[in-house]
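K.L.:
Have a look at the structure that comes next, please.
The values are calculated or read from the model by the stated rules, or taken from the named source; none is laboratory data. Predicted, not measured: the structure shown is a model, and the values here were computed from it. When we count neighbours, we look across all protein chains shown, and the Cβ atoms used for this are built from the backbone with ideal geometry, even at glycine. What goes into the accessible areas is simple: the full protein's heavy atoms, side chains included, and nothing from ligands, DNA or RNA. Shrake-Rupley method; radii C 1.70, N 1.55, O 1.52, S 1.80 Å.
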Amino acid sequence: MPLDAPLGEFEVVVLMATMHLETGAFAPAIREEIEQRSGRTLARGAVYITLDRLEDKGLLSSTLVDASPARGGRPKRRYKVTAAGVKAVKHTLLIFARMHKGLEPVLGRLS
Amino acid sequence: VKPRAWPAIAFLLRRAMPPRHLAPTLGDLLEEYDQYRQRHGRWRAEWWCLREAASMWLAYRWPVRRDGLSSRSPIDTLGSDLRQTWRTIRARPGATLATSLVLTIGIALVSSMFALADPYILRPLPYTRPNELAVLSLSARSTTGLPTLEDWNDHRELFDGVAAGERGAGVQVDTGDREAAVRLSHVSRNFFDVLGVRVALPAEWRTTASTSEAPLVLTTAGSRALFGTTQTIGRFVRNAGGQAGGFRVVTVLPESFLDPLSRPGTTADGFVPLDDTRLLRVQVVGAGFTSSGPSVIARLKPGVTPVDVQNRLSTATPSAAGSPFLSDGLIVRSVLLTSMLTDRVRPLAAGAFGAGVLVLLVCAANVANLLLARGASRTRELAAREALGASRWDVARLVLAELAAVTALGVVGGLAMARAVLALVAFVIPAQYVSLGAPVITVRVAGMALGAGVVVMVTGLVPAWAAWRVAPRALFGEMRGTDTRRARVLRFVMTSTQTAVAVVLVVAASLFGRSYAGMMLQDPGYDGETFAVTAIYSGRGGAASSLRDSIDDTLRRVHRIPGVSSAAVAASPFVNASVQMTSIRKPLTINGREIPGNSEPVSNEFFDATGARLTMGRWPASSDVSPSVVVSESFARTCCNGASPIGLVLSTGDRAFPIVGVVKDVYARALDEAPRPTVFVPIDAGGPIGGVINYLVRASTPSADLAIAVEREIRAVVPTATVSDSATLRSRLMQSVSDRSFSTLMVMFFAVAAMGVTAAGIVGVVAFVVARRTREVAIRIAIGANAGSVRALVTREALAAAAVGAVIGFGLSLALSTTVRSLLVGIAPTDPIALGSAVAVIVAIVGGAAWIPARRATRLSPTVALRVE
């Protein structure tokens, strides 16, 4: 991923939530994960359309699993971060880290 | 479990999302809905699901673009449209207010008229399957073989049930705290079952009760009047005045109960059982028959019509068409209860509502017209917007947003004004218009107002569309704006349509007004200041001879009241429509030839007390050898083809009377009912008389005290007599035409509103032409045009449209004239004076409306006008 096309902040957050959830990375769970960790409420549409976009970019892959009667027989979509996705996250975090360097007096240490 | 709105949600998301993502997304939503529902309940889950689906729809439908520009969501667009509309309105508040006001008038009229007409046109009567209920009226010339309630309940092939009821007289009761007068009707025990009124009736209502404690069913109003509450089951009321016994309240009817026995304006406070099961009581009085009996209400079997009932149950036929004289046997007349309760009011209610709709259409055309004129002044702005990249839809939406704001103001204002109109109407509305419920703003009425608003919105789409069409061209070349050929045609059609509608209403108002004025000015044939009191003597009270003695006794007592100069009786409901009396009388014959007419039994001083006017002959005198009679002018015309009837001998039954005089026709029923040929027969000559007696008193000072004094004397002689409707004959006459007064007032009200709104429309059109052609007018004035030619130039369009509309309006009025014929008294629907005055009013208003803005054009200063342009 070239430096001139970094990921958006929300895209990074979604990718990282997907990584946290490993095999349980379904859209509702990803949304809940972000809400819990960030403490903010997300619009359903924002999560779903971001997942779609990341998949279109090849940063996520998805498989259809478990159709159940509670879902009206419709399958679930399980997401997995691709190698390109991992690389893109690392790349973006690296940019953040470089930008952060030298700003410790102003921003303090993160986390 | 799916949410209720699931089909709509699935449909919207299917349209917004890529198909490969759809199924899992819908699955997620459904699964989470189920969890949410278990935690928070169904309705909160429904709402949650809608919000989540909306979030999905917005995100996929209007995604944020990579270039940083976002395509706007409808919410953003709506916000900006509203801000823009607010700016437009704030820039020219007068124009918006004028448009909203026109709309407010239209919506107020149509909603208030709908509130008035609704109970009579659309709302079903508050009974189970009301269209199966029929009212049967019976008459007979036989004292044997008369039907009873049991007999007719056995006619299973015709009826599902037959009930009887007698309208009640006032009864004085004691509630324990105080004494009160209540009106109690007697009804058969199956009365409420036949009507299908859902009310719990206890066993004591069904079975014969003890004589000391009759079961009483109270209406909600009756319960409140007696005890101040509706929780009165089990309470006891004693007969007042030391009489034994009383009534135990067994149930209270629901508020919606409608008493089918009541007369308009009076309703029973309660019901007690009627144990007399005879449906008809016939008495032989002298040589005639008088019949009386309860009202009979039947629930017809499905498929049985009132005519079937008449044909099956009647055993006699009228002797001649329209004649009340019977051959021996029973005559049954049957009419649907719905028709009986609503037929008299329905044409007027429908007419009022129809007029309301017409005025609304005028208003809609006007609003469209005003918006069109307004669009003209905004052409440059709209064109500039389009040139800067706004789509045509964006441009048209600006016009629509303004229209929506105007409509919203109009609907809210219209409903508020309708409330005020109904409050005013409550003062003048005749009782029969509220017998099915007073007009109020209900949910249906509010829905109607909204519907009217939608009609106006649709009409207003026309100028929005015009703005859409002309905007791109308007920026270049000449500022033709909305003055295209198409727009001119539209404006012409709108102006002529509203003029046509206004003309129809003005012609109707003119005809009604003239008919009403003619009716008010005609001579009723007697003196309006004479005081009348109606006394109803119970038919079971005794023989006719004792009734005559009672009347004589009462008259003697009335004469002794201070200030009374003469007193008489008429044995009929004299100008009192609230009393119904059917009596069977012998035919009137002269020289063996039957003359159609009424005989009116009156006492000696009748002519003196009423001030009836003699046109020929003399009054009957006590010195006459045998009792003589006076006839009315119309009777004289009918009997003798213009020759004098004086000296002829009139026979009725076995009695004969010489005719000694002719009086002017007497309006003895109602002011709008042509007087029937009448013979005034001496009451003491032995003919049959019914139980309804009118005491007519002439006094030096007619007053409320006189009414009380006369009523007291009537009760002093016969304590069981019911006394009602004490009033002067003039106020009785006014009462007899109260519905006509009301409808005339309504039509005039409408005509004024329609004409006012049309005038506003014409002012709008001329002002528009003046505004658009200011430069041309200024140049013409500069090169010497005179005021007349300028006026002609700017008013030509509006006046031509108004003229075409007036012609169409007159055509429509003539086409509709057969419909209003039955509502007019004494004049034809083509009455030249009424039509002529309508023309004069229309010409004056249209001319005036065009002249005011045209005058502004003639006063233009060329230098100022050209500089402005």
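K.L.:
Relative to the first principal axis of the alpha-carbon coordinates of chain B, what is the inclination of helix B:93-121, with its axis defined by its Cα atoms, in degrees from 0 to 90 and to the nearest 10?
P.N.:
Roughly 30 degrees between the two axes.
K.L.:
Show me the ranking of peptides A:84-97, B:665-678, B:35-48 by mean Cβ neighbours inside 10 Å, starting with the highest. Could the numbers behind the result be given before it?
P.N.:
Values: A:84-97: 15.8, B:665-678: 19.4, B:35-48: 13.7.
Ranking the peptides A:84-97, B:665-678, B:35-48 by packing returns B:665-678, A:84-97, B:35-48.
K.L.:
Using only alpha-carbon positions, what ratio does the radius of gyration of chain B give when scaled by 2.2 N^0.38 Å?
P.N.:
The reported ratio for this selection is 1.25.
K.L.:
On the first, second and third principal axes, largest extent first, how far apart are the outermost C-alpha atoms of segment B:782-842 in Å?
P.N.:
That works out to 59, 18, 11 Å along the principal axes.
K.L.:
In nm, to one decimal, how far is the B:ALA244 label point from the B:ALA438 one, both placed 7 Å along Cα→Cβ?
P.N.:
4.3
K.L.:
Compute the accessible area per residue over the protein assembly as shown, keeping the other protein chains in place, probe 1.4 Å, unit Å².
P.N.:
Details: 46440 Å² over 980 residues.
That works out to 47 Å² for each residue.
K.L.:
Full extension from B:GLU179 to B:ILE121: what is 0.36 nm times the residue separation minus their Cα-Cα distance, to one decimal in nm?
P.N.:
That works out to 16.8 nm of additional length.
K.L.:
Would you compute, for the Cα atoms of segment B:135-219, the largest minus smallest coordinate along each principal axis and list the three values in descending order, in whole Å?
P.N.:
49, 32, 24
K.L.:
A further question follows. Using helices alone, I'd like the mean residue ellipticity at 222 nm for chain B: each DSSP H run of four-plus residues gives -39500 (n - 2.57), total over residue count, nearest 500.
P.N.:
Values: 26 runs with 446 residues, N = 869.
Mean residue ellipticity, 222 nm, calculated: -17000 deg cm²/dmol.
K.L.:
What is the mean number of Cβ atoms from other protein chains located within 10 Å of the Cβ atom of each residue in peptide B:28-40, rounded to a whole number?
P.N.:
Values: counts 11, 5, 6, 8, 4, 1, 2, 2, 0, 0, 0, 0, 0.
That works out to 3 on average.
K.L.:
Quote the FRET efficiency, to the nearest 0.05, computed for A:LYS101 versus A:GLU9 with a Förster distance R0 of 25 Å and r equal to the Cβ-Cβ distance. Mind showing how you got there, number by number?
P.N.:
Numbers: r = 19 Å, r/R0 = 0.75.
That pair, A:LYS101 with A:GLU9, gives E of 0.85.
K.L.:
Then there is this: Report the FRET efficiency, 1/(1 + (r/R0)^6), for B:ASP343 and B:LYS301, where r is their Cβ-Cβ distance and R0 is 25 Å, rounded to 0.05. Present the calculation step by step, with values, prior to reporting the outcome.
P.N.:
Working: r = 23 Å, r/R0 = 0.92.
Computed FRET efficiency for B:ASP343 and B:LYS301: 0.60.
K.L.:
Here is a follow-up. Considering only protein heavy atoms and a probe of 1.4 Å, how much of the accessible area of segment B:603-742 is carbon and sulfur, as a whole percent? Can you show the working numbers first?
P.N.:
Details: 3110 of 5940 Å².
Roughly 52 percent, rounded to a whole number.
K.L.:
Roughly what percent of Cα-Cα pairs across segment B:657-811 reach past 24 Å? Working shown, then result.
P.N.:
Values: 7904 of 11935 pairs.
So the pairs more than 24 Å apart make up 66 percent of the total in segment B:657-811.
K.L.:
Sticking with this structure for a sec: Return, for the Cα atoms of segment B:69-158, the radius of gyration and Dmax in Å, separated by a comma.
P.N.:
Here Rg and the maximum Cα pair distance are 31.0, 98 Å.
K.L.:
Chains A and B: how much accessible area gets covered up at their contact, both sides added, probe 1.4 Å, in Å² to the nearest hundred? Don't jump to the answer; show the numbers that get you there.
P.N.:
Working: alone 7410 and 40890 Å², together 46440 Å².
The buried area between A and B, both sides summed, comes to about 1900 Å².
K.L.:
Gain in length, B:ARG613 to B:ALA674, computed as 0.36 nm per residue apart minus the alpha-carbon separation, to one decimal in nm?
P.N.:
Working: separation 61, 0.36 × 61 = 21.96 nm, distance 1.73 nm.
Here the segment from B:ARG613 to B:ALA674 would lengthen by 20.2 nm.
K.L.:
With a Förster radius of 35 Å, plug the Cβ-Cβ distance of A:THR41 and B:LEU388 into 1/(1 + (r/R0)^6) and report the FRET value to the nearest 0.05.
P.N.:
Working: r = 38 Å, r/R0 = 1.08.
E between A:THR41 and B:LEU388, to the nearest 0.05, is 0.40.
K.L.:
Could I ask something else about it? For segment B:726-869, what is the convex hull (Cα atoms) projected area averaged across all directions, in square nanometres?
P.N.:
Taking a quarter of the hull surface, the average projection is 11.7 nm².
K.L.:
Taking Cα pairs under 8 Å and at least six residues apart, what relative contact order does chain B come out at, in percent?
P.N.:
Working: 1428 pairs, mean separation 125.2, N = 869.
In percent, rounded to a whole number, it is 14.
K.L.:
Let me ask something else about it. Using only the alpha-carbon atoms, what does the protein assembly as shown span along each of its principal axes? Please give whole angstrom values in decreasing order.
P.N.:
That gives 137, 91, 52 Å along the principal axes, largest extent first.
K.L.:
Quickly work out the B:TRP43-to-B:ARG14 label distance, labels modelled 7 Å from Cα along the C-beta direction, and quote it in nm with one decimal.
P.N.:
Between B:ARG14 and B:TRP43, the label points sit 3.0 nm apart.
K.L.:
Reachable aspartates and glutamates from B:LYS664, Cα under 19 Å, same-chain residues fewer than 8 places away excluded?
P.N.:
Straight-line reach from B:LYS664, under 19 Å: B:ASP523, B:ASP527, B:GLU529, B:GLU600, B:GLU605, B:ASP608, B:GLU633, B:ASP672, B:GLU673.
K.L.:
For A:LYS90, go through the aspartates and glutamates and keep the ones whose alpha-carbon is under 16 Å away, minus same-chain ones fewer than eight residues off.
P.N.:
Counting by Cα, and skipping residues close in sequence, A:LYS90 has these aspartates and glutamates nearby: A:ASP4, A:GLU9, A:GLU11.
K.L.:
Moving to a separate point now. Given the Cα-Cα distance of B:GLN231 and B:THR830 and 0.36 nm per residue of separation, how much length would full extension add, in nm?
P.N.:
Details: separation 599, 0.36 × 599 = 215.64 nm, distance 5.87 nm.
Gain on stretching B:GLN231 to B:THR830: 209.8 nm.
K.L.:
What area, in nm² and to one decimal, does the C-alpha convex hull of chain A cast on average over all directions? Each step should come with its number before you reach the end.
P.N.:
Details: hull surface 32.6 nm².
Averaging across all directions leaves 8.1 nm² for the Cα convex hull.
K.L.:
Per residue of A:54-62, count partner chain C-beta atoms within 10 Å of its C-beta, then hand back the mean as an integer.
P.N.:
Details: counts 0, 2, 1, 0, 0, 0, 0, 0, 3.
That works out to 1 on average.
K.L.:
Also, I was wondering about something else. Can you work out ³J(HN,Hα) from phi for every residue in segment B:743-754, in order, using Karplus 6.51 cos²θ - 1.76 cosθ + 1.60 and θ = phi - 60°, giving whole Hz and x for Gly and Pro?
P.N.:
5, 5, 4, 4, 4, 5, 4, 5, 4, 4, 4, 5
K.L.:
Apply the Karplus curve 6.51 cos²θ - 1.76 cosθ + 1.60, θ = phi - 60°, to the phi angles in segment B:381-396 and return the couplings in whole Hz, x for Gly and Pro.
P.N.:
Along segment B:381-396, the couplings run 4, 5, 5, 5, 4, 5, 5, 7, x, 5, 7, 4, 4, 4, 5, 5 Hz.
K.L.:
I've got another one for you. Evaluate Rg over Rh across segment B:628-727, taking Cα atoms for both radii and Kirkwood's formula for Rh.
P.N.:
Numbers: Rg = 17.0 Å, Rh = 16.2 Å.
Result for segment B:628-727 is an Rg/Rh of 1.05.
K.L.:
Taking the simple approach of a point 7 Å from Cα along Cα-to-Cβ for both B:SER724 and B:ALA408, what is their distance in nm?
P.N.:
Taking the two extended label points, one gets 5.3 nm.
K.L.:
Excluding B:MET448 itself, calculate the net charge of residues whose Cβ lies under 15 Å from the Cβ of B:MET448, where each Lys or Arg counts +1 and each Asp or Glu counts -1. If you can, show how the numbers build up before the last one.
P.N.:
Values: positive: B:ARG123, B:ARG419, B:ARG444; negative: B:ASP118.
Residues close to B:MET448 contribute a combined charge of +2.
K.L.:
Under unit Cβ charges (Lys, Arg +1; Asp, Glu -1), what dipole magnitude, rounded to 20 debye, does the protein assembly as shown have relative to its Cα centre?
P.N.:
Details: 106 positive and 75 negative charges, 1016 e Å.
Dipole about the Cα centre, nearest 20: 4880 debye.
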